[in-house]
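Step one of this worksheet: look at the structure below.
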Amino acid sequence: QVQLVESGGGLVQAGGSLRLSCAASGSIFSINVMGWYRQAPGKQRELVAVIFSGGTTNVADSVKGRFTISRDSAKNTVYLQMNSLKPEDTAVYYCNIFQHSRGYWGQGTQVTVSS
């Protein structure tokens, strides 16, 4: 079993920054993909950024240049540094870990960007 605990969401003005953290615990394998997805009201959940255990990243075009994903594999923790936030970044952000053909989700953390 795997548990994911997210932190760092909140309310910020446009142009501001937030840093999300997600700590994974339980049966974590050394080879996995950790990442962040988001879901705005009335919209489907979408990929924001993922990072493979080897360090390769995949970042959505909508946040490229503003968001940076990183991980501390020793702590099984993934981070999302969000800069130059825009109102359209407002959403619930979910942490995800994918390993051995199974995916696990965190409970989500709200990010609200005011204009």
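Every number here is computed from the coordinates shown, using simple stated rules; none is lab data. Owing to the predicted nature of the structure, the values given are computational and were not obtained by experimental measurement. As a convention, Cβ positions derive from the backbone with ideal geometry for all residues, glycine included, and neighbour counts pool all protein chains shown.
Between ALA74 and ALA40, what length in nm is gained on full extension when 0.36 nm per residue of separation is reduced by their alpha carbon distance?
Computed gain between ALA74 and ALA40 is 9.1 nm.
Just tell me which aspartates and glutamates come within less than 17 Å, Cα to Cα, of LYS75; anything on the same chain fewer than 8 places away is out.
In chain and number order, the partners are GLU6.
Say we join alpha carbon atoms closer than 10 Å with springs in a Gaussian network model of the chain; which of SER53, SER17, SER27 then has the biggest fluctuation?
Maximum among the listed residues: SER27.
Tabulate in residue order the Karplus-calculated ³J(HN,Hα) for segment 20-28, using 6.51 cos²θ - 1.76 cosθ + 1.60 with θ = phi - 60°, rounded to whole Hz; enter x for Gly and Pro.
Per residue, the Karplus-derived 3J(HN,Hα) values read 9, 10, 9, 9, 9, 9, x, 7, 9 Hz.
Compute the longest continuous run of the chain that contains no exposed trypsin sites (Lys or Arg not before Pro); treat a site as exposed when its DSSP state is not H, G, I, E or B and it has at most 12 other Cβ atoms within 10 Å.
Maximal segment without exposed cleavage sites: 65-115.
Would you mind classifying the chain by shape? Square roots of the alpha carbon gyration tensor eigenvalues, ordered a ≥ b ≥ c; an a/c under 1.5 is rounded, otherwise it is prolate if a/b is larger than b/c and oblate if not.
Prolate is the answer for the chain, as a/c is 1.5 or above and a/b outweighs b/c.
Please list 3J(HN,Hα) in residue order for segment 78-95, calculated via the Karplus relation 6.51 cos²θ - 1.76 cosθ + 1.60 where θ = phi - 60°; whole Hz, with x for glycine and proline.
10, 10, 9, 8, 10, 10, 6, 5, 10, x, 6, 7, 4, 4, 8, 9, 10, 8
Run through the DSSP bridge list for the chain and note the antiparallel percent, rounded to the nearest 5.
90 percent
Mean-square fluctuation check for the chain, GNM, Cα pairs under 10 Å: which of ALA23, ALA74, ALA40 is largest?
Fluctuation is largest for ALA74.
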